Each structure stands twice: as C-alpha cells, then as structure tokens.
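Here's the structure we're looking at; comments come further down.
None of the figures in this text is laboratory data; all of them are computed from the coordinates on show. Since this is a predicted model, take the numbers as computed values, not measurements. Note: ideal-geometry Cβ built from the backbone for every residue, glycine included; neighbour counts use all protein chains shown.
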Amino acid sequence: MTALIRRLASREVMTSDTLAITFLVYLTGTSLIIVFSTTSSPGVDIALSAVSSMAVFALIFASRGLINRIATSGRRSLAVAATVVLANVIRSLALVALVPQIGSGTSLPLPTRIASSSLFTLAAMLVVGELNDRRKRFKALMTALTAKSVELSLSRATYAERLQYANAELEGSIRNVLDPALSLAAMEMDPDTPRRSGITSARLLQEILRVSVRPMIETLAHPAGPHSNAGVQLAEWPEMPAPDPPRTIDVTDSIRPVLSVVPLRIIGFPVFISTLALGPALRVVAILTLTWPLLTVVRRLWPERYRVLPVGRAAGLLTAVFIISFGLPMILVFAVPPDLASTNGFDVVGWLGASTVLFSVAAAWFVASVFIFERSRRLTEERLIEVNEQIELSIARMRQEIWFTRRNLTWVLHGPVQSALVSATIRLESGAATDPADRTAIWANIAEAYALLSTGGPAEPDFAAFSAELTSLWFGVCEISFHDPDSMIERVSADPSATAALIEVVREAAGNAIRHGDATTVDVTIRGTEEDLVSLVVMDNGTGFAPGAAPGIGSDLFTALTYEWSSESSSAGTRITADLTWSPGANRPSAPH
C-alpha cells in the first residue's frame, strides 16, 4: 500500500505523456461502458462521452501545478485521487443532464459509473506513469553511458591510432632533438673534418649531453599524464545508439508483465455489483481473475527451446495465449448461473464480453510491447557497456605499451648513449684520443649506442629471473614467495609489455610493503581471469599505509600500468589486487626511429 501511495504521489503520474496516453485508454474504456449501459444507439453517447472525457483530463491537467506544490507524498496522492474522482463526478453528472436516456434507461447507477471510471483512470495513470518512469530512467542511464563512451573514445581515439600517435611523438622528438646532435657529433669525429683540439670536441659533446640527451631523458621519465589527450582528434563523436528494433521476442519474459493487467479487472466490480447481487458479482470477478493462473502456467511450462522466437512467430503465439487466457474466464462467466446474459440480454452481454476480451488483449499487448522494447533497450545498454569495457581495456593496454616504449628509450639514453658521450668527453679531455683512429673508435661507440634507439632497448623482460633477483635482494629481511597455479607467467612472457608491467607492479608492491610497512612476508599470486587480463594479488603482513596518506609515485605507477587495482589494509596486513592487460599474440612494440 505504501508503494502504491508513493507511486500515485510521483510526478510521473501527472506528466503530459502519462495523461495523454491515459486519455486514450480512458476514452476506449468509458466508451465500452456506455455501449453496455445505454438502451439506445451508442453513437451520440460515445461522442458526448469523448467531449466530456476531454474535459475531465483538461481539469486534471490544470490541477497539476497546485498538486505539485504539496510537499508530503501522502497528501499529494490524496489530492491526485480526489481530483480524479471530482473530474469523473462532474463528467457523469454532465452526461446525465445531456443524455436523458443514459440517466433513465441505464442499468448502471450513477455511483457505479463514477466509481468504475475513477478506478479505471487511477489504474491507467499508475501503469502508464510507471512505464514512462522506466523509459526516462533508461534514457538517463544511456545518456550517462554514452557520455562515458565519448570520454573513453576521446582518451583512446582508437587503440592503434593513439599508440601510433605516441610513437610518432617520440620519433619526432628523437628526430628533431637527438638526430641533429648526432649529426654534429658525426661531423666532429669525421676524419675528413679539419682537426680541432680534444678540448673543443669534448665541450661540444658536453653541450650535446646538456642540451639534447638529458632533457630528453627528463621528458621520457616524466611524460604527460596517462589520460592526456593533447593533439588527439576523433574522426567522429560517438552518439547514443538507438535501440535496435526487436528482431526476436522472449515469450516468457513478455508474458510476465501481462500478469499486472489481470488485477485491473477488479475495476469492473462496481458494474457487476450494480447489475448482479453481491455474491454473484464476487464470483464473476473471481472467475475473471483466473487469467492469472492460466498465464502463470503457460509461462512456467513454455518450452525453453521456443522461448526466444522471431517477431512474427512470437507475436502470433502471444496473441493466441492472451486470447485464450482472457477469453476462457469470460466464457465461464456466461456459463455459471446467474449469468449476465439472463439479466441484460445475450446480444448486449455477448458484445460486451467480446469487447472486454479484445480490450484486455490490447492492454496486455500494450504492456508486453513496452517490455519487449525495454528488452531491446537492455540489450543495447549491455552492448554499450561491453563497448566501454573494451575501450577501457584498450586504454590500459595503450598506457602499458607506451610506458614500455618510454622506459626502454629512457634506458638507452640514460645508459648506453649517455655513457658513450661521457666516455668520449673524458677521453678527449684527457688527451687519450689524439689520432684519427681514436676519433673513429669514439664515433663508433656513440653510433652504436644511438642505434639501440631503433632496436627497442634492453633485452626481453624475464619474470623468472626477476623473481629470483627480488627474493635474493630481500633475503634475510623479508621472505617473498611466488604462486602461479595457472602457469600465467609462461603465457604472459610472450607479451614483453605486459611482462615488464607485471614486474614493475610486483617490484613496487613488495618494496612498499617492506620499506613502509615493515613486512616480513610477501606472497605474490598470479592467476588468469579473462582472455585479456591477468590477475595479481600481493599479500603482506606489514602495517600497511598510514591512515589518510596521500597517493604517491607507487599509486601513479599502478594506475598507469594496470587496468584496475585496489588496496585493502587491516591488522593482518595489506592486500593489493590488480588486473593487467596482456595479449597472447603480442609482439615486442616497435621502437620509434
């Protein structure tokens, strides 16, 4: 009852869309009542009923502003009900005054018509309002998902294009900064170039280090944030996908909402009680509600293999189910004495019965069609969520490969290139390189170091070697154990970027546990979750992070290299869970230049 009051007090019950649809349903229902109750030709009565029905809903529409000002839900629902009853009272009195044959020749008393039409109006407003509320909630959800899809698409700008852009950016930096410096060094070391003093050549190489190499190392070591979109353009902006027209119908899922139509048959109780005695009227209503168990039995016994069918076949079968479920109880009403035909005539009651069945089938199809399209929307929503998840995976993979490429280039510049230039500077300043052969050898070392920029940097990452190194590093301080029940390490080793990322995350997690948490045991478990994800769990017995501690470099590393990660600290220790992307068929990322 409380839920019903809340629903009646909701703003969706009084929206323009709800009232417009309710008006059409109301007009159909009241026309059937007039046809049943009038003793003459119903044409004029239906026309007057249509005009009066318009007046009813004009009154309800005009009262929306006052009703919406009421703060409490209980009073607002009471005001809605009172407005509906008042409008139907005015309508019924107007019809009695304008159409004397309705007032004099009808078998339905005035209170019966008022009660039935008011109940009908409120029920229709509740049902239509609920359906409109579902539609708006779906639209809001789709808008939020689409906005997220736009944001993710902008961040990714397609996986291949974004990765190509990052590599092109690195290649441009190398070409515009490092290549000219390399050309200067080549010219300086060329035996055919007029000879200069070793001090002059050394100073030139020092300038190359200061102006070109070290700034590039700094740039690579501190890149723009992982979600930076500078310079990225989308070919087209994603739009909210329109739900696909239903191509199939879930039969049992479409029958379930029709069960809500059955209780609406109680609306006819005032009509039956005014036509029959109380006992027969209750019996008629009880017989009509047999539609509920009929639909329930059909729904539960429906073969699973025929649950989802093409639209044409499913529509025909559902129509047959609705006609049988609503028609059989109506036939029983005619068969159980005292029946309506003996009181009102077989022609009138037969026409009423057929019209009632058709109206019930139409109402059932109205509710079922809403849920059929809602299923289509739900499938669209699931598709969009799946697309967003794939984009997020691509972004995580992109960050991982860009980090791997930058790390390797940083290693080359910081190690071989810088070492070759510093070594050449020292040799030139000390006078150890005096003849053209020495200069040629110096240049060969520099060129060899620069050549590593195009080969991708250090050797392939080796997780087995890393785990042995990490265990040895902290031996006597912390016991580190590795668990790989799914043999994921061997499978991930085919993907250098994922392996390197996994190594760095484990290194950082174990180091934090020991340095900041005083852990004496660290357990590392690696498992396979999905085809494109590897799950990492690092457990330790340390004190964990300090309460309120701000995220640091380690958190930034986890965010950059993982698809998602989380950390939980308790008195027993800290648990870090992370999912990393990996590609079974991945090759080593190509280095720029």
Return the distance in nm (one decimal) between the two label points of a simple spin-label model at residue 359 and residue 186, each offset 7 Å from Cα along Cα→Cβ. 9.2
Note on region 463-581: the mean projected area of its alpha-carbon convex hull, in nm², is 6.9
A chain fully extended from residue 444 to residue 382 at 0.36 nm per residue, minus the present Cα-Cα distance, gains in nm 16.4 nm
Once fully extended, how much extra length lies between residue 583 and residue 86, figured as 0.36 nm per residue of separation less the alpha-carbon to alpha-carbon distance? 172.0 nm
Size of charge dipole - region 463-581 - debye, nearest 20, with Cβ of Lys, Arg +1 and Asp, Glu -1, no other charges: 360
Using a Förster distance of 60 Å, how high is the FRET efficiency between residue 289 and residue 479, based on the Cβ-Cβ distance and rounded to 0.05? 0.25
FRET efficiency, residue 308 to residue 451 (Cβ-Cβ, R0 45 Å, nearest 0.05): 0.15
Could you calculate the FRET efficiency of residue 518 with residue 218 from 1/(1 + (r/R0)^6), where r is the beta carbon distance between them and R0 is 35 Å, rounded to 0.05? 0.55
Under a point spin-label approximation (7 Å from Cα along Cα-to-Cβ), what is the residue 252-residue 17 distance to one decimal in nm? 3.1
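How long is the gain from residue 72 to residue 147 if the chain were fully straight, where each residue apart is worth 0.36 nm and the alpha carbon distance is subtracted?
Numbers: separation 75, 0.36 × 75 = 27.00 nm, distance 3.46 nm.
Using 0.36 nm per residue and subtracting the Cα-Cα distance, I get 23.5 nm.
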Starting from the amide H of residue 564, placed 1.01 Å from N in the peptide plane, find each other amide H under 5 Å away whose residue is 5 or more places distant or on another chain. 579
Give me the distance in nm between label points sitting 7 Å out from Cα along the Cα-to-Cβ direction at residue 390 and residue 426, one decimal. 5.5
